[in-house]
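J.: Sending over a structure as structure tokens; questions will come in a sec.
The values are calculated or read from the model by the stated rules, or taken from the named source; none is laboratory data. Since this is a predicted model, take the numbers as computed values, not measurements. Cβ sites come from the backbone with ideal geometry, for glycine too, and all protein chains shown count toward neighbours. Heads up: the accessible areas ignore ligands, DNA and RNA and are worked out on the full protein's heavy atoms, side chains in. Shrake-Rupley method; radii C 1.70, N 1.55, O 1.52, S 1.80 Å.
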Amino acid sequence: MAPDIDYLALAPEITLAVTAVVVLLLDLFLPRRQKYWTAIVAVLGVSFAALPLIALAVSDVGDRAMLGGSFVVDDFALVLKGLFVIAGYLVLLMSVGYVESDRYYQGEYYFLLLMSILGSMVLASSRDLITLFIAVELVSQPMYLLAGWRKGDLRSNEASLKYFLLGVLASALLLYGMSFVYGLTGELTFAGIAAEGAGKAGEPAFIMAILFIIAGFGFKVSAVPFHFWAPDTYEGAPTPVAAYLSVSSKAAGFVALLVVLYSAFPDASGVWGPAVWILAALSMTLANLTALRQTNIVRLLAYSSVAQAGFMLVPFAAAATTDAVGLGEAFAATVTYIVIYAFMNLGAFAVVIAGARKTGTGDIEGWGGLGSYAPALGALAAVFFFSLAGIPPLAGWIAKLVMFGAAMGAGSPWMIALAVIAAINAVIALVYYARVVKTIWMDPVPATAPEEEVRTASVAGSLGLAIGLSAAVVVVAGFFPSLVTFFSDATKVLAGG
Amino acid sequence: MTVTVDWYLILAAVLFVIGAAGLLVRRNAIVMFMSIELMLNAVNLTFVSVGRELRDLTGQFAVFFVLVVAAAEVVVGLAIIVSIFRTRATASVDELSEMKG
């Protein structure tokens, strides 16, 4: 019997897969001078992948389940796929100028990036442990290679090896946890696990399995104490790849955590809630304190992204002590945070790429006076960094607001304690974000700065477009939060809220 | 004395711990890499023995997927190690410490 396949539901994935193969073949046949076509095809392919998503969103068929319920296209999947497509599109735009200026292989770069985007799309729809695992690996494995894309650069090599070794260790932990879940419930689909595992939340083996799974995804979202790889990998990898790692790859980890914890282990929230509480508190505090003493802008953003992961984990901890409505709120709070974070962090990285080209350095000190010779870039840097800090009216404050709302809504003393920790950390974070903006606008131009032509050279068009789009979303969503909360509310279906 | 499923699970747990310890203690990238393979095979053994115990084929299917991913991981991992070898002729991770902070 042939499986029942809904081609419209699979269309975004099929489009991306075909694009990736076409890019690889084009790279084989194009002469060196015309390799830029691979970039154009990649950007077009990702844009086309968005079309079936819109068609699926407006169709009134409802949820489309395939392959025995392993692959489901519901509102949650659509919203997150939309985010992955847009984030992938922005990263592609950032990559174009960056990749061309290096002497390395363009076709492979876009192929690997497209494959990773494909993995994140499958991930949003996967509703069983094996599909989820394959999708997570499809997101990560191309990134191991892309982190080491500058093959002749030792730092890029180091970035790649560290990320690879810790990434596969995470996969092994994740799989071991999954094998235990399978052994205890006899099921691999989330619905089956939720049904069979209902009475088993107290069993030691079941608790261990959940902790292994959280540890595995903890690496993917780079939560403390599983964050060691992040700063080195971000610094050594090409900067657009670091942007992708900090946004899409991290969001993919969160999507996996969301679907597994909320839909496979809803009755075990007493187990994973406290575990995530610890991760959230550690991630926020340690990462923010370490970020204070960073001198390299990419490392600063790396620690900042670890700290932001901590903020995103806060609503998870609330789920353990709340009712069904609160569960939906906590779920939507994390999704809202991920969506807003994606745009402001991509924007911040795009500004860093443009700024590093103008100042010729990644050291924050070297960025002094950037605002005087590149006022537009300086202003946009301020927008993104203040948004990351959560200052109204930029979008970042809405993310913080819903996060605090979910934490306080639960009302338990533990959650209030976590909200207090988060509030203190928001203040610490403001110090280092504001320091970058202060350097850009108030410090004098350092003597080591490159000459006038480099400093005032215009930013590549595609990079400018990426910065502009991210800035537009960050500013507009700050004034009209319903633009984001409309989507995140739609995802509540998965939490049963 | 019969060999029950517990024996297989204990063997798998021992393999997993050996792999994890090897990854943490050894400093040669290739040996670390082998340790990871050991951990993945411990997972496979768990899946197969549990699937047999439950009289359920899903566990056996899962192993195929894990095997394929492990094979892909070998390709990616060796590619990275080879590219490091080309720039500096060593596979020791201790000598890879350009970045700190």
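J.: With each run of n ≥ 4 DSSP H residues scored as -39500 (n - 2.57), what mean residue ellipticity at 222 nm is computed for chain A after dividing by its residue count and rounding to the nearest 500 deg cm²/dmol?
T.: My calculation for chain A gives -25000 deg cm²/dmol from helical runs alone.
J.: As a check on your grasp of the helix formula, calculate [θ] at 222 nm for chain B: sum -39500 (n - 2.57) over DSSP H runs of n ≥ 4, divide by the residue count, round to the nearest 500.
T.: -26500 deg cm²/dmol
J.: Between the helical axis of B:5-25 and the dominant principal axis of chain B, each derived from Cα atoms, what acute angle in degrees is found, rounded to the nearest 10?
T.: Once rounded, one gets 10 degrees.
J.: For every other residue with a beta carbon closer than 11 angstrom to the beta carbon of residue A:374, add +1 if it is Lys or Arg and -1 if Asp or Glu, then tell me the sum.
T.: For residues surrounding residue A:374, the net value is +3.
J.: Looking at A:39, A:330, A:417, which one has the Cα that reaches farthest to the positive end of the dipole of chain A (charges on Cβ: Lys, Arg +1; Asp, Glu -1)?
T.: So the residue we want is A:39.
J.: Between residue A:424 and residue A:490, what is the label-to-label distance in nm when each label sits 7 Å out along the Cα-to-Cβ direction?
T.: Output for this residue pair reads 4.0 nm.
J.: Can you give me the angle between helix A:413-442 and the longest principal axis of chain A, using Cα atoms only, in degrees from 0 to 90, rounded to the nearest 10?
T.: With rounding to tens, the tilt is 10 degrees.
J.: Give me the three principal axis extents of the protein assembly as shown from the C-alpha atoms, as integers in angstrom, largest value leading.
T.: 82, 56, 47
J.: What do you get for the angle between helix A:461-479 and the principal long axis of chain A? Use alpha-carbon atoms, 0 to 90 degrees, nearest ten.
T.: Computed tilt is about 50 degrees.
J.: Mind putting a number on the dipole of chain A about its Cα centre? Charges go on the C-beta only, +1 for Lys and Arg and -1 for Asp and Glu, and I need it in Debye to the nearest 20.
T.: Its charge dipole is roughly 1020 debye.
J.: Name the shape class, rounded, prolate or oblate, that the alpha-carbon gyration tensor gives for region A:225-303, where a ≥ b ≥ c are the square roots of its eigenvalues, rounded holds for a/c under 1.5, and otherwise prolate holds if a/b is larger than b/c and oblate otherwise.
T.: oblate
J.: Here is a follow-up. Just the number, please: Stokes-Einstein D of region A:438-497 in µm²/s, Kirkwood Rh from C-alpha pairs, 4 °C, 1.567 mPa s.
T.: Roughly 83 µm²/s, to the nearest whole number.
J.: Stretched out fully, how many nm does the piece from residue A:67 to residue A:7 gain, at 0.36 nm a residue minus the Cα gap?
T.: Separation in residues times 0.36 nm, less the Cα-Cα distance, equals 20.4 nm.
J.: Right, another one. For a 18 Å ceiling on Cα separation, which of these pairs sit above it: A:81/A:250; A:162/A:220; A:35/A:358?
T.: The pairs that break the limit, which is 18 Å between Cα atoms, are A:35/A:358.
J.: Compute the relative contact order of region A:273-497 as a whole-number percentage, counting only Cα pairs closer than 8 Å that sit 6 or more residues apart in sequence.
T.: Reported as a whole number, the value is 31 percent.
J.: Something else now. With point charges of +1 on the Cβ of Lys and Arg and -1 on the Cβ of Asp and Glu, referenced to the Cα centre of region B:5-90, which listed residue (B:13, B:68, B:85) lies farthest in the positive direction of the dipole?
T.: Checking the options against the dipole of region B:5-90, the answer is B:85.
J.: What is the calculated FRET efficiency for residue A:324 to residue A:25, with r their C-beta to C-beta distance and R₀ = 45 Å, to the nearest 0.05?
T.: 0.35
J.: How large is the dipole of chain B about the Cα centre if only Lys and Arg carry +1 and Asp and Glu carry -1, each at its Cβ, rounded to the nearest 20 debye?
T.: Value, rounded to 20: 200 debye.
J.: Post the alpha-carbon centroid distance, region A:1-50 to region A:244-311, in whole angstrom.
T.: 32
J.: When you look at the Cβ of every residue in B:66-77, what mean number of other chain Cβ atoms sits within 10 Å?
T.: Mean shielding by partner chains, rounded to a whole number: 5.
J.: Which listed residue (A:255, A:292, A:244) has the Cα farthest towards the positive end of the charge dipole for the protein assembly as shown, taking +1 on Lys and Arg C-beta and -1 on Asp and Glu C-beta about the Cα centre?
T.: It is A:292.
J.: May I pose another question? Could you tell me the convex hull volume per residue, in Å³, taken over the Cα atoms of region A:83-174?
T.: Hull volume normalised by residue count: 85 Å³.
J.: Right, something else. Heavy atoms of the protein only, probe of 1.4 Å, neighbouring chains included. What is the accessible area of residue B:24 in Å², nearest 10?
T.: Result for residue B:24: roughly 120 Å² accessible.
J.: Work out, in µm²/s and without decimals, the Stokes-Einstein translational diffusion coefficient of region A:273-497 at 25 °C, 0.890 mPa s, Rh from Kirkwood over C-alpha pairs.
T.: Result for D is 136 µm²/s.
J.: Counting only protein heavy atoms and a 1.4 Å probe, tell me what percentage of the protein assembly as shown's accessible area is made up of carbon and sulfur.
T.: Carbon and sulfur together cover 70 percent of it.
J.: A further question follows. Just to verify a number: FRET efficiency for residue B:54 and residue A:417, C-beta to C-beta distance, R0 = 60 Å, to 0.05?
T.: According to the calculation, E is roughly 0.90.
J.: Any chance you could run the full-extension gain for residue A:401 through residue A:60? It's 0.36 nm times the residue separation minus the Cα-Cα distance, nm to one decimal.
T.: Gain in length upon complete extension: 119.5 nm.
J.: Subtracting the Cα-Cα distance from 0.36 nm times the residue separation, let me have the gained length for residue A:191 to residue A:292 in nm, one decimal.
T.: 32.0 nm
J.: Starting at 0 and stepping by 5 Å, how many percent of the alpha carbon pairs of region B:5-90 end up in each bin?
T.: 3, 15, 19, 20, 18, 11, 7, 4, 2, 1, 0
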